[in-house]
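S.K.: Mind looking over this structure? Questions follow.
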Amino acid sequence: MPKAELLDPQGKAVAGALSRTGHSAVSGVRVGKRFEITVDGPIDDAVKSEVREIAEHVLSNSVIEDVVGIHYLESNAELAEEATHAASEHGDEGYVAPAGETH
């Protein structure tokens with residue numbers, strides 16, 4: 001992948017083409033040895049289906065390439081929300097280590 005601070009004209013061109021072809025959930029694309037697609041909002045089943053369609057029909061040449069994998073990462077905001085929710089469930093117990101973790 002190009003470094004984050006470098007411009008990615010190929011990624012910008014792909015993002016523009018996706019927008020013009022109705023893939024409105026995608027807000028950014030970076031192209032290198034893999035594609036990194038950024039979406040706005042939560043990643044629900046509809047977004048996952050749209051990303052799979054993009055990967056299989058737009059970003060790859062099915063004659064010579066396979067879509068190897070699609071991975072979804074949570075944003076920092078989503079991780080913070082999960083942590084807040086988990087903390088509220090445990091109330092006054094303090095830190096509760098996951099199973100197998102010791103301190």
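S.K.: For the subset of the range 85-103 comprising residues that are outside any loop (DSSP other than H, G, I, E, B) and surrounded by 10 or more Cβ atoms within 10 Å (Cβ to Cβ), which member is modelled with the lowest pLDDT?
M.R.: Going through the range 85-103, the residues outside any loop (DSSP other than H, G, I, E, B) turn out to be 85-93.
From what is left, the residues that are surrounded by 10 or more Cβ atoms within 10 Å (Cβ to Cβ) are 86-87, 90.
Working: Ala86: 74, Ala87: 73, His90: 64.
Restricting to residues being outside any loop (DSSP other than H, G, I, E, B) and surrounded by 10 or more Cβ atoms within 10 Å (Cβ to Cβ), the top hit is His90.
S.K.: Which one is farthest from the chain's Cα centre (by Cα) among residues in the range 49-71 that are assigned to a helix (DSSP H, G or I) and surrounded by 14 or more Cβ atoms within 10 Å (Cβ to Cβ)?
M.R.: Glu56
S.K.: Here's a follow-up. State the number of residues belonging to the range 1-39 that are of a type in the set (D, E, K, R) and over 18 Å from His71 (Cβ atoms).
M.R.: Within the range 1-39, the subset of a type in the set (D, E, K, R) is 3, 5, 8, 12, 20, 30, 33-34, 36.
Narrowing further to those that are over 18 Å from His71 (Cβ atoms): 3, 5, 8, 12, 20.
Adding up the residues that qualify gives 5.
S.K.: Restricted to the range 4-48, and to residues that are in a loop (DSSP other than H, G, I, E, B), within 15 Å of the chain's Cα centre (by Cα) and hydrophobic (A, V, I, L, M, F, W, C), which residue is modelled with the highest pLDDT?
M.R.: Ala25
The values are calculated or read from the model by the stated rules, or taken from the named source; none is laboratory data. Bear in mind the structure is a predicted one, so any value in this text is a computation, not a measurement. So basically every Cβ, Gly included, is an ideal-geometry build from the backbone, and we count neighbours across all protein chains shown.
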